Amino acid sequence: MSNIGVPMPQAAIGLTQWERVKNAFTSPSKTFEDIRNGHRSWWMPLVIFTVFAYMLFGVVVSRIGIQQVVDNQIHLSPNTEARLAQATPEQRETSNKFSVGFTEAAFIANPVFVIAGVALMSLGIWGTINFAFGGRATFGGIFAMWMYATLPSVIKSFLGMITILAGMAPESFNIKNMAPTNLGAFLDPIETNKALYSLASSIDIVTIWTLILLGMGTSIIAGTKRSSGYIAIFGWWTVFVLVSAGIAVVTG
């Protein structure tokens, strides 16, 4: 029988990466559904993360200075400050060179850290949503979803740059909490109890926004109830927050 005149099925045309980036902020479910349908390119979010990281690096170097960043972090940790005070001048110099070099390398190698971090966290969520909640997610789908769902985090980099350029005193710059998006940003990091400060810093508007997107995206990619995605994401986040608070107390 002739098939002339019968339209042949065509592969679904997905969104462009720019459309996925835009929808991550305006209509996230469209982005996640597109990824679920097999369109998993994620290099555009990586480029955006990298651009903002290098812009922040430039602002920090020009207005704060890497040495000042390191000095501030030491001052925020009384235990570290006391240990260095008892060290020999040679030991302090060696420690300082390492800290400055590591801080610079962390900025420069940002794309590598992003990929490694997203891969590790995606692995945990992929296993959790599939084995604990009966999901059908692929690792690649979760990885691509994570890249787009965490795009709001660039807002913190942007606000950090604005805060520095607005005239922040270099001595008050805290690279671990540079944007006024959480309760910890309004507390004294030295006078406040270390566990309390860590918990307060975790109550962050941008972080909560990102967690909601991750929960939504996880459930869509895995084909589970929306509540399952939220439980998986917020459950792991709670564990991370509590562990971070404990580390802050031990190392503070």
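In the stretch 96-150, what residues are in contact with a helix residue (DSSP H, G or I) (Cβ under 8 Å, 6 or more places away or on another chain) and of a type in the set (D, E, K, R)? Once the filter is applied, which keeps residues that are in contact with a helix residue (DSSP H, G or I) (Cβ under 8 Å, 6 or more places away or on another chain) and of a type in the set (D, E, K, R), the stretch 96-150 yields Glu104, Arg136. Quick check on the stretch 139-151. Is at least one of its residues more than 13 Å from the chain's Cα centre (by Cα) and more than 21 Å from Gln17 (Cα to Cα)? Taking every residue of the stretch 139-151 in turn, none turns out to be more than 13 Å from the chain's Cα centre (by Cα) and more than 21 Å from Gln17 (Cα to Cα). When the stretch 243-252 is examined, which residues are found to be part of a helix (DSSP H, G or I) and either more than 17 Å from the chain's Cα centre (by Cα) or among the β-branched types (Val, Ile, Thr) (or both)? Those that are part of a helix (DSSP H, G or I) and either more than 17 Å from the chain's Cα centre (by Cα) or among the β-branched types (Val, Ile, Thr) (or both): Val243, Ala245, Gly246, Ile247, Ala248, Val249, Val250, Thr251. For the criterion of being crowded, with 17+ Cβ neighbours inside 10 Å, β-branched (Val, Ile, Thr), under 30 Å from Ala166 (Cβ atoms) and out of contact with any helix residue (DSSP H, G or I) (no Cβ under 6 Å at 6 or more places or on another chain), Val47 fails. The residue pairs whose first member lies in the stretch 47-63 and is assigned to a helix (DSSP H, G or I), whose second member is modelled with pLDDT under 95 and acidic (Asp, Glu), and whose beta carbons are closer than 6 Å, counting only pairs six or more residues apart or on different chains, do not exist in this structure.
Do you know which residues across the stretch 151-167 are hydrophobic (A, V, I, L, M, F, W, C) and either touching a helix residue (DSSP H, G or I) at 6+ places or on another chain (Cβ under 8 Å) or without any contact (Cβ under 8 Å) to a residue 12 or more places away in the chain (or both)?
Residues of the stretch 151-167 that are hydrophobic (A, V, I, L, M, F, W, C), as a first pass: 151, 154-155, 158-159, 161-162, 164-166.
Within the stretch 151-167, Leu151, Val154, Ile155, Phe158, Met161, Ile162, Ile164, Leu165, Ala166 qualify.
Within the stretch 100-147, the residues that satisfy the criterion of being within 18 Å of Gly38 (Cα to Cα) and not in a helix (DSSP H, G or I) are Gly135, Arg136, Ala137, Thr138. Out of Ile129, Ile190, one residue alone is among the β-branched types (Val, Ile, Thr) and either in contact with a Phe, Trp or Tyr (Cβ under 8 Å, 6 or more places away or on another chain) or buried (at least 20 other Cβ atoms within 10 Å of the Cβ) (or both). It is Ile129.
Looking across the stretch 9-68, the residues that are of a type in the set (D, E, K, R) and within 20 Å of the chain's Cα centre (by Cα) come down to Arg20, Lys22, Arg40.
Right, Val118: without any contact (Cβ under 8 Å) to a residue 60 or more places away in the chain, over 18 Å from Phe57 (Cα atoms) and aliphatic (A, V, I, L, M) or not? When the stated conditions are applied, Val118 passes them.
From the list Thr163, Thr224, Thr218, the lone residue that is within 23 Å of Phe143 (Cα to Cα), assigned to a helix (DSSP H, G or I) and either more than 15 Å from the chain's Cα centre (by Cα) or at pLDDT below 95 (or both) is Thr218. Here Ala87, Ala109 are screened, and the one residue that is under 25 Å from Val249 (Cβ atoms) and without any contact (Cβ under 8 Å) to a residue 60 or more places away in the chain is Ala87. Filter the stretch 166-206 for residues that are of a type in the set (Gly, Ala, Ser) and in a loop (DSSP other than H, G, I, E, B) and give the result. Correct list: Ala166, Gly167, Ala169, Ala179.
Leu196 falls short on exactly one of the conditions (1) over 14 Å from the mean Cα position of the chain (by Cα); (2) surrounded by 17 or more Cβ atoms within 10 Å (Cβ to Cβ), and that condition is (2).
The values are calculated or read from the model by the stated rules, or taken from the named source; none is laboratory data. Since the model is a prediction, treat every value here as computed from it, not as a measurement. Counting neighbours? That spans all protein chains shown, and the Cβs are built from the backbone with ideal geometry, glycine included.
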